[in-house]
Ligand code: PLP
């Protein structure tokens with residue numbers, strides 16, 4: 001089996017699993033309990049908050065634990081409840097849906113053919129009553145990294161909070177919320193070799209969206225519910241490990257993707273690597289293979305033990321073209337012919353070259369029969 005769908009989810013790191021098992025055995029008390037035994041569970045939370053905050057250059061008190069990226073995004077969008085929000089067209093469905101559900105009005109800012117949103121367009125979309133700008137840090141279907149720092153400077157000048165969905169970026173590229181003027185930021189553990197069911201929202205001090213869940217008042221009242229200590233511990237361990245090898249991993253992934261792209265293009269000259277002129281996550285690439293439907297490519301690759309995707313995993317069963325590929329200006333037919341390859345820590349060069357060969361073979365077999 002060759003797993004090339006790390007943008008959908010990453011395999012949990014063994015060291016994370018061990019940390020979680022140990023945590024579940026040793027720190028299972030309810031952290032809100034008053035007796036001293038619960039102190040060790042509180043310590044796990046405290047340390048995890050410190051780890052995530054440290055990676056973002058935030059303060060521990062600015063981190064709220066959630067159950068996933070979707071929840072973090074939904075909580076962030078609560079800041080614009082009943083008001084106007086500016087949102088990028090290539091956002092993940094969890095941002096777009098939350099914006100449409102809670103905001104009175106939403107302005108959608110387009111991306112160009114290279115997948116980038118223009119800071120000037122964001123500036124133009126902001127109104128007197130804008131309560132939030134939400135622009136992703138990096139896109140899950142193209143890997144494109146947005147000009148967050150420039151947008152952050154505009155948001156700061158206009159005094160409108162900036163939310164960044166960094167679910168794909170956190171743990172893969174360095175993020176500094178202070179220097180980049182980010183006011184809220186979503187992350188999710190399963191995208192950086194941590195467990196499913198653990199996420200976090202960074203909220204600059206003083207920012208308080210209306211909570212989605214109320215009750216026991218955990219997470220400073222922002223997210224009630226007894227904390228999932230083991231998952232949070234796993235998320236922190238995964239973050240620590242990601243921080244440790246981030247620079248080296250990024251270099252390695254970028255180096256591995258180049259021969260893959262070259263091998264694919266040499267066998268399929270009509271193949272187009274999307275957003276090649278934009279800064280991108282090192283391990284995420286999207287390729288348009290004209291005439292080969294992604295659903296077909298995925299199924300055929302699966303038969304030879306290679307797992308790839310056609311964009312967002314959550315839309316994998318939809319016949320509709322991806323809104324992200326359409327936003328780049330592709331036609332619906334072209335957008336249905338895009339495959340995403342996303343690599344990770346364990347991917348090896350020879351495996352990637354085999355994937356390129358298989359994909360090219362499938363392309364020629366399927367398109368020749370038409
Ligand atoms: N935002 C982006 C950019 C994503 O890629 C994903 C997941 O694919 C999410 C949000 C949702 O995260 P989660 O699966 O943790 O809910």
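Only the coordinates and a few stated rules stand behind these numbers; no lab work does. Here the structure is a predicted model, which is why all the values come from computation and not from measurement. Don't worry about glycine lacking a Cβ; one is built from the backbone with ideal geometry, like all the others, and counts go over all protein chains shown.
Side notes on the structure shown:
- Cα-based helix-to-principal-axis angle, 14-26 vs the chain, degrees rounded to 10: 30 degrees
- Volume per residue for the stretch 50-181 equals 102 cubic angstrom (convex hull of Cα atoms).
- Three semi-axes describe the equivalent ellipsoid of the stretch 1-123; taken as square roots of 5 times the Cα gyration tensor eigenvalues and ordered largest first, they are 35, 21, 13 Å.
- Compared with the dominant principal axis of the Cα atoms in the chain, helix 294-303 is inclined by about 90°.
- Residues 70, 226, 142 arranged by fewest to most Cβ contacts within 10 Å: 226, 70, 142
- Order of 141, 350, 358 under a 10 Å beta carbon neighbour criterion, fewest first: 350, 358, 141
- Rg over Rh for the stretch 137-184 works out to 0.97, using Cα positions for both radii and the Kirkwood form for Rh.
- Sequence-separation-based contact order of the chain, relative, with Cα cut under 8 Å and 6+ spacing, percent: 23 percent
- Listed from fewest to most Cβ neighbours within 10 Å, the set 43, 191 follows the order 43, 191.
- Alpha carbon convex hull of the chain, volume per residue in cubic angstrom: 127 Å³
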